[in-house]
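A.B. asks: Mind looking over this structure? Questions follow.
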Amino acid sequence: MQKPLAHPFTITVALNKPLRDTFSWAIGQPGEVRRQSRTTYATFEEARLAGKSALDEMIAAWQRKAVHSAAA
C-alpha cells in the first residue's frame, strides 16, 4: 500500500493589522498565496475553521488531479 502524498499547501491564520481585533487566513504554496479570506473573523478559532474548510477543498481538488495524472 502506498503512503498518501503530502499536499503542498500551507495555511496561515493571523491577526489583521489594519483591522485590529480581527483575524484572517491565507493558503499558499511555496512562493505564492493561492487563496485568502475575503472576510475577517472575530476570533482566531473562527478564522482557523474557515481556513481549514477552504484548505480541505483545495486538498481534495489537488488529490483528484494527482490521481487523474497518475492514471493517465
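The values are calculated or read from the model by the stated rules, or taken from the named source; none is laboratory data. All values reported here derive from a predicted model rather than from experimental measurement. With ideal geometry, Cβ positions are generated from the backbone for all residues, glycine too; neighbour counts draw on all protein chains shown.
A.B. asks: Restricting the search to the range 16-39, which residues are modelled with pLDDT under 95 and over 24 Å from residue 64 (Cβ atoms)?
C.D. replies: Result: 16, 17, 18, 19, 20, 21, 38, 39.
A.B. asks: If you scan the range 16-72, which residues turn out to be polar (S, T, N, Q), closer than 17 Å to residue 6 by Cα and over 13 Å from the mean Cα position of the chain (by Cα)?
C.D. replies: First pass over the range 16-72, keeping only residues polar (S, T, N, Q): 16, 22, 24, 29, 36-37, 39-40, 43, 53, 63, 69.
Applying the additional criterion that residues be closer than 17 Å to residue 6 by Cα yields 29, 63, 69.
Matches in the range 16-72: 63, 69.
A.B. asks: Another question, then. Condition check: touching a residue at least 12 places away in the same chain (Cβ under 8 Å), surrounded by 14 or more Cβ atoms within 10 Å (Cβ to Cβ) and not basic (Lys, Arg). Does residue 26 satisfy that?
C.D. replies: Against the criterion (touching a residue at least 12 places away in the same chain (Cβ under 8 Å), surrounded by 14 or more Cβ atoms within 10 Å (Cβ to Cβ) and not basic (Lys, Arg)), residue 26 qualifies.
A.B. asks: Could you check the range 1-23 and list, in sequence order, the residues that are among the aliphatic types (A, V, I, L, M) and in contact (Cβ under 8 Å) with a residue 40 or more places away in the chain?
C.D. replies: Of everything in the range 1-23, those that are among the aliphatic types (A, V, I, L, M) and in contact (Cβ under 8 Å) with a residue 40 or more places away in the chain turn out to be 5, 11.
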